[in-house]
Amino acid sequence: MRFSLKIFAFSLIFVSIAGAQDLTREQKLQKIDELNSQIRVLETDVLLPDAKDLKQAEKEGFEVFRLMPRERYDYKFTVQGGGAYYSFTTKSHDYQQIAQIELAQNYLSVGFAGADYGFIADLGSVSLASVTEETNELSFLFNYKPPTKEVEVRSEQRKTFNYETENATYRSRVLVSIGHSYALRAISFDRADVLVAFKIHRKDADGSLIIFWKTLAQFENPVLIRSEQSYLTNAANFISVSADLESNSYFSGNLAARIQEKLRKKGFNDVRVSEVNEKVVLRGTVPKGKLPEVVQLAQEMSGCPVRVELTEK
């Protein structure tokens, strides 16, 4: 059924393009909107687990979602991240909707932007139903309290590559093992803090994973207290920006070019900078772990709201 739907949708798009040659400009713009709507419907269907997966997850009392491998589908979908991200909080694949897990290069990761970080524990071939608060490896995850001061948060963030405790070792990135269960705690400052257990039910022919999951705990939203130096820098930028705004020269189109040039000098050649409604927008890709540096540079140079639409590779 899903394959037939794909063929039908692509046939519609082909026919629409073939018949668009004699349309006016306004009619072509309308046709683009119509085709994009069709693509989004098709995309939603592709991201859904199969009916048998939905039925099996419901039978076992779990929720279920599909993750696409980012290296194959990033930029091929309208949803940012290409279906490689998922939020246990918002139940969305959109990278901007509190993304809490990522699939890339046969690894699962947590913690992607700014000061956000998290922990994943591979529990092995145990049943998802057996993973509870009593599970030995989960004691740390249930009792962990994230710091709030930025300098301490950054320190914890660096440790998550290999975070050792008495009961287990936790990581921010783990290898995919079909049939294994995992525990994940995702700390998204000012937005969410959740602990879940999940199991990789199977891997599909397109490289996507079908994941069964359940919520174990939701904690109070963590608050990030910026360092004094950050406040001073932002304050200085704000004063400078205010002066430019008064002369009506700040959003003149030069700001994006200056930021992009600065980023290129630092080696970030795949970042595109633009200005939209007096906001700086960052799009494109950055190397893994470099996102905070790029965002900070843009914020320091602009002193205005920055919208991040970047992915890490």
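The values are calculated or read from the model by the stated rules, or taken from the named source; none is laboratory data. Keep in mind that this is a model prediction, so the values were computed, not measured. Cβ coordinates were reconstructed from backbone atoms using ideal geometry, including for glycine residues, and neighbour counts include every protein chain displayed. Surface areas here come from the heavy atoms of the whole protein model, side chains and all, with no ligands, DNA or RNA. Shrake-Rupley method; radii C 1.70, N 1.55, O 1.52, S 1.80 Å.
Which of the residues spanning segment 157-174 are closer than 22 Å to Asp190 by Cβ and surrounded by 16 or more Cβ atoms within 10 Å (Cβ to Cβ)? Once the filter is applied, which keeps residues that are closer than 22 Å to Asp190 by Cβ and surrounded by 16 or more Cβ atoms within 10 Å (Cβ to Cβ), segment 157-174 yields Gln157, Thr160, Ser172.
Taken as a whole, the condition of being at pLDDT 80 or above, touching an Asp or Glu at 6+ places or on another chain (Cβ under 7 Å), open to solvent by 50 Å² or more (accessible area, probe 1.4 Å) and assigned to a strand (DSSP E or B) applies to Arg283.
If the condition is being free of Cβ contacts under 8 Å to residues at least 40 places away in the same chain and assigned to a helix (DSSP H, G or I), then segment 134-148 contributes Asn136, Ser139, Phe140, Asn143.
Residues satisfying the criterion are absent from segment 66-81 (criterion: open to solvent by 20 Å² or more (accessible area, probe 1.4 Å), within 30 Å of Glu43 (Cβ to Cβ), of a type in the set (Lys, Arg) and at pLDDT 95 or above).
Can you tell me which residue is modelled with the lowest pLDDT among those in segment 13-56 that are surrounded by 11 or more Cβ atoms within 10 Å (Cβ to Cβ) and among the basic types (Lys, Arg)? Per the criteria, the residue is Arg40.
Taken together, Tyr95, Tyr107 contain a single residue that is farther than 18 Å from Phe219 by Cα, of a type outside the set (S, T, N, Q), open to solvent by 60 Å² or more (accessible area, probe 1.4 Å) and under 22 Å from the mean Cα position of the chain (by Cα), which is Tyr107. Here Gly124 does not qualify as among the small types (Gly, Ala, Ser) and under 17 Å from Leu291 (Cβ atoms).
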